[in-house]
Amino acid sequence: MHSIMIGHLRDSVSLLPMEDLRPVHEFYRRLFELAPEAQPLFTREAGQQAKKFSDMLAWVIAHLEHADELRKEMRELGARHRGYGVTADQYASVGSALIWMFQHALGDRFTPEMEEAWLEVFAFISLEAERGAREAESTSIDP
């Protein structure tokens, strides 16, 4: 990832009131509108789930310049989520809800460049998560 893109990603997250988890709660509300079948997969209490999402978002931002670590963690995330019943087609809803969260929380402070950066990084994240899920599936069915 190039430094300009990383700058846009970091800027967008820095504008979120992360001590206030309302944007993350809005992310989940939007996700469940887009993919109601996903709601039963989330068994944690909403505040706990929001904190976990917020922590993962911060972790991703902190590791943008470490593609190998990011790739490894996203594959592990995909393998874990496969175990929870998440399917590959649900990643698109997550990406849409993420972009919507930024648009909703930041308004016109969420620039087209920030949106483009998030679309690009989310494509990377979802691809690696899907790979991790496939690897976990192939490992679990092998004798």
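So if I take the centroid of the Cα atoms in segment 1-48 and the same for segment 63-79, what is the distance between those two points in Å?
The distance from the Cα centre of segment 1-48 to that of segment 63-79 comes to 18 Å.
Relative to the present Cα-Cα distance, how much length would full extension add between residue 92 and residue 22 at 0.36 nm per residue of separation? Walk me through the numbers before you get to the answer.
Numbers: separation 70, 0.36 × 70 = 25.20 nm, distance 2.18 nm.
So the extension gain works out to 23.0 nm.
Mind checking the dipole of the chain: about its Cα centre, +1 per Lys or Arg Cβ, -1 per Asp or Glu Cβ, Debye to the nearest 20? Before the final figure, lay out each step's value.
Values: 15 positive and 24 negative charges, 73 e Å.
Once rounded to the nearest 20, the dipole reads 360 debye.
Spelling out what I want: for every residue of segment 87-96, take phi, set θ = phi - 60°, compute 6.51 cos²θ - 1.76 cosθ + 1.60 (Karplus), and round to whole Hz; glycine and proline get x.
So the J values, rounded to whole Hz, are 9, 4, 5, 7, 4, 4, 5, 4, x, 5.
Let me test this: with uniform point scatterers at the alpha carbons of segment 1-66, what is the Debye-based log₁₀ I(q)/I(0) at q = 0.12, 0.17, 0.24 1/Å?
One equal scatterer on each Cα of segment 1-66 leads to -0.37, -0.69, -1.04.
I need to check one value: relative contact order of the chain, counting alpha carbon pairs closer than 8 Å and at least 6 residues apart, in percent.
Values: 112 pairs, mean separation 55.7, N = 143.
This gives 39 percent for the chain.
Counting GluC sites (Glu not before Pro) as exposed when in a DSSP loop with at most 12 other beta carbons within 10 Å, what is the longest stretch of the chain free of them?
Result, exposed sites excluded: 66-143.
Which FRET efficiency value, to the nearest 0.05, is calculated for residue 46 and residue 14 with the Förster distance at 25 angstrom and r the Cβ-Cβ distance?
0.55
Contour minus end-to-end for residue 134 and residue 65, with contour as 0.36 nm per residue of separation and end-to-end as the Cα-Cα distance?
Working: separation 69, 0.36 × 69 = 24.84 nm, distance 2.52 nm.
Extra length available between residue 134 and residue 65 comes to 22.3 nm.
Please arrange 1, 114 by how many other C-beta atoms lie within 10 Å of their C-beta, fewest to most.
Working: 1 15, 114 23.
Listing 1, 114 from fewest to most nearby Cβ atoms yields 1, 114.
Any idea what log10 I(q)/I(0) is at q = 0.12, 0.17, 0.19 Å⁻¹ for the chain, Debye with uniform C-alpha scatterers and no solvent?
Evaluating at q = 0.12, 0.17, 0.19 Å⁻¹ gives log10 I(q)/I(0) of -0.48, -0.99, -1.23.
Read the figures in this text as sums done on the coordinates, not as results from a lab. Please read all numbers here as calculations on a predicted model, not as lab measurements. Heads up, the Cβs are rebuilt from the backbone with ideal geometry, glycines too, and the neighbour counts pull from every protein chain shown.
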